[in-house]
Every structure is written in structure tokens, then in C-alpha cells.
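Participant: Structure in C-alpha cells, see below.
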Amino acid sequence: MSDSAERAPEEDIPETDEEWRERLTDEEYEILRERGTEARFSGEHVDRDEDGVYTCAGCGTVIFESETKYDSGCGWPSFYAADESKVTLEDDDRHGMSRVEVKCAVCDGHLGHVFQDGPEPTGERFCINSVALDFEPDE
């Protein structure tokens, strides 16, 4: 597991592929740097319901609040809102699909995708890889 929970956001962001490989586990690297996807229902955060924040596993930036997490049944952690200043959205036409990719605005790590089939108040479903997130419980 990464040590992002121990780092301050934006602190010491790797600049090279080699530095990223040293920082991340193989699975984290595949998802965050190579835009991979974990298997459905395999992630540690799918069923998590504690209060706290979800941070980028690559750099420690807070991306999601636990209050925005819900069970969408899709097999990945789902959120109806993200801190808009901490994510970037990009069109993703890979694999014959038209989707919107969600990336960390600080380290450019791939987090997952956002869809327009979520609950109110936003109508959005941020479908995010557990491996791309660390969880920090409220104290």
C-alpha cells in the first residue's frame, strides 16, 4: 500500500516514470499511471461506510468526502460529487466507449470515470477505482 496518507498533498510529486514506480505498488501504478481498472467488487472501498475523506493514492490530495459516497451497485466506489478543484475531466474514447475520465488535478493520476446517471443533488456518478484512493477516517 502507498504511503500517501503520510504525505501532505502536492508534496514531493514524482517527476519521472521511475520515481512513480518506486512510490506506487504495481497495482497502483497500473491504475494511476497507465489508466487501468480493478476488477468489479474487488476494491477495499466498495462497501466502506465510515466517515472520513478519500485521498488520491498517488499524492494524498483529498478528492471525495464520505458524505458523497453511495452504493450504486456498479462494483466500484461511487460518489455523487468531487472537490472540483482537485479533479480534471477528460473525454475518454478508449475501448470503443465514450466516457469522461476523472484524474487527480495535482498528480494527473487516473482515478476512474464520471457518468450522468447518479443521484441528486448532482446527478453524477463518480465511479472510482479503490486502488486509486486511500481513506482517512474522521477522528
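Here, each number is a calculation from the coordinates, and none is a lab measurement. From a predicted model like this one, the values you see are computed outputs, not experimental measurements. In this analysis, Cβ positions are derived from the backbone assuming ideal geometry, glycine residues included, and neighbour counts consider all displayed protein chains.
Participant: Given a cut-off of under 8 Å on Cα pairs at least six residues apart, what relative contact order in percent is computed for the chain?
Facilitator: Once normalised by length, the contact order is 28 percent.
Participant: Follow-up question, since we're still on this one. What is the spin-label model distance, in nm, from Glu65 to Glu84 if the labels are put 7 Å beyond Cα along the C-beta direction?
Facilitator: 1.5 nm
Participant: Based only on the alpha carbon positions, what is the Kirkwood hydrodynamic radius of the chain, in angstrom?
Facilitator: Over the chain, the inverse of the mean reciprocal pair distance is 14.9 Å.
Participant: Separation between the Ser98 and Gln116 pseudo-spin-labels, each 7 Å from Cα along Cα→Cβ, expressed in nm?
Facilitator: 1.0 nm
Participant: Modelling each spin label as a point 7 Å along the Cα-to-Cβ direction, I'd like the Arg48/Asp12 distance in nm, to one decimal.
Facilitator: 2.2 nm
Participant: Any chance you could run the full-extension gain for Arg40 through Glu136? It's 0.36 nm times the residue separation minus the Cα-Cα distance, nm to one decimal.
Facilitator: Full-extension gain reported as 32.3 nm.
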